[in-house]
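Taking it in order: structure first as structure tokens, then the write-up.
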Amino acid sequence: MRLPCRSVLLAVALAATSAAGAQPRAAGAAASPARVTVLYDAFGSRSSAMTKDWGYAALVEYGGARILFDTGNDAAIFARNVHAAGVDLRTLDFVVVSHRHGDHTSGLNHLLRVNPRVKIYAPREAYGVFGGSLPESFYRRADSLPREERYFEGEPPPSIRHGTPWPGAAFVFVDSLTTVAPGVTLVPTVSDVAGTRELRELSLSIRTPDGQVLLVGCSHAGIERVVAAAVPVDSAVRLIVGGLHLASAPDSVVERTALALRDRWHVQGVAPGHCTGEPGFAIFRRTFGPGFVYAGLGTRIPIAAGSGAPARPG
Ligand SMILES: [Zn+2]
Ligand SMILES: [Zn+2]
């Protein structure tokens, strides 16, 4: 049984610092940083030069890779926050859009102006907002109909494309556990929750020597389902960062979820943001103690090996 060393986790919490107003590259910063920077959220330090708004975006830097995870709710605010954090969107390795909701996708318009050809991983959806296509065989034929009542006058193209608000974007669609760079794996889930049933979502797993760091956009399928889908990558979940979708859940549900993450899934730390909810912030802080990492807008969360998470049990 894994017994997280909470005193060591405290170092993560203490090491999390605000990027707002700071130099993009602080003096003495490592040449290849290992951190997650929160670029878009509705809570954060009052003195932050960044603008708070509902939505989520974060930059992951690990092992020399620079990955943008989600793009926020408003392209102009996203642009301002990216600038304030000193992030250069032209040097990204790739982008992950967790799901189709506007509070995660709207900054794509700014991203594509700055870096139109960047590879963007998105959930595969039959008729999704990211576009796609189906073979012409997807619909049943009625050969006896007159031509003007038949689709494409009875002569469809081999592939029927579906449009997208971002027609030039280099989307790559993902619907299975997919490793996209060394130690970087996309974890797909499908929601079975009323209101978002069949909504597809990608979470982002970063393998570190201390266990995986799991970035989540909204966890619409339920955070336990997301963790269950990520465990095949690495059974040690060192830190969950992002939205846990408990903003309107009663305390009893939030408490049950926090305990399940800690005691059933042995999650060592949480850096909750976005749709986790105000009661959720309090309950996760209480449940995880030193394993709770504040992650308001502008926070830089260190994820280097040995930067706070307990060592893997022998
Ligand atoms: Zn959502
Ligand atoms: Zn959201």
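The values are calculated or read from the model by the stated rules, or taken from the named source; none is laboratory data. From a predicted model like this one, the values you see are computed outputs, not experimental measurements. Backbone-built Cβ (ideal geometry, glycine too); neighbour counts: all protein chains shown.
Only one of the numbered conditions (1) in contact with a strand residue (DSSP E or B) (Cβ under 8 Å, 6 or more places away or on another chain); (2) outside any loop (DSSP other than H, G, I, E, B) is violated by Ser219, and that is (2). In this entry, Arg100 passes the filter for residues that are at pLDDT 95 or above and farther than 18 Å from Ile301 by Cα.
Taking the options Ala305, Ala236, Ala258, name whichever one is at pLDDT below 95 and either away from ligand 1 (no atom under 15 Å from the Cβ) or touching a Phe, Trp or Tyr at 6+ places or on another chain (Cβ under 7 Å) (or both).
On the way: Ala236 fails: at pLDDT below 95; Ala258 fails: at pLDDT below 95.
Unique residue meeting the criteria: Ala305.
Apart from one condition, Val253 fits all of (1) farther than 24 Å from Trp54 by Cα; (2) out of contact with any helix residue (DSSP H, G or I) (no Cβ under 8 Å at 6 or more places or on another chain); the exception is (1).
A residue that is under 21 Å from Pro188 (Cβ atoms), under 15 Å from the mean Cα position of the chain (by Cα), within 14 Å of ligand 1 (Cβ to nearest atom) and touching a residue at least 60 places away in the same chain (Cβ under 8 Å) cannot be found anywhere in segment 107-121. Given the structure, is Arg207 within 16 Å of ligand 1 (Cβ to nearest atom) and of a type in the set (D, E, K, R)? No: the conditions fail for Arg207.
Quick one: would you say Arg124 is under 24 Å from Ser205 (Cα atoms), touching a Lys or Arg at 6+ places or on another chain (Cβ under 9 Å) and within 16 Å of ligand 2 (Cβ to nearest atom)? Even if it seems obvious, please write down each step before you answer.
Values: under 24 Å from Ser205 (Cα atoms): yes; touching a Lys or Arg at 6+ places or on another chain (Cβ under 9 Å): yes; within 16 Å of ligand 2 (Cβ to nearest atom): no.
No, not satisfied.
The residue that is surrounded by the fewest Cβ atoms within 10 Å (Cβ to Cβ), counting only those in segment 68-111 that are within 16 Å of ligand 2 (Cβ to nearest atom) and among the acidic types (Asp, Glu), is Asp74. Within segment 179-231, the residues that satisfy the criterion of being within 14 Å of ligand 2 (Cβ to nearest atom) and on the phi > 0 side of the Ramachandran plot are Gly195, Ser219.
Scanning segment 196-220 for residues that are without any contact (Cβ under 8 Å) to a residue 60 or more places away in the chain and either among the hydrophobic types (A, V, I, L, M, F, W, C) or within 23 Å of His101 (Cβ to Cβ) (or both) yields Thr196, Arg197, Glu198, Ser205, Leu214, Ser219. Test Val193 against the criterion of being away from ligand 1 (no atom under 16 Å from the Cβ) and either within 30 Å of Ser248 (Cα to Cα) or among the small types (Gly, Ala, Ser) (or both), and give yes or no. The answer is no for Val193.
Run down Val267, Val227 and say which single residue is assigned to a helix (DSSP H, G or I), surrounded by 22 or more Cβ atoms within 10 Å (Cβ to Cβ) and more than 16 Å from ligand 1 (Cβ to nearest atom).
Working: Val267 fails: assigned to a helix (DSSP H, G or I).
Criteria check complete, one pass: Val227.
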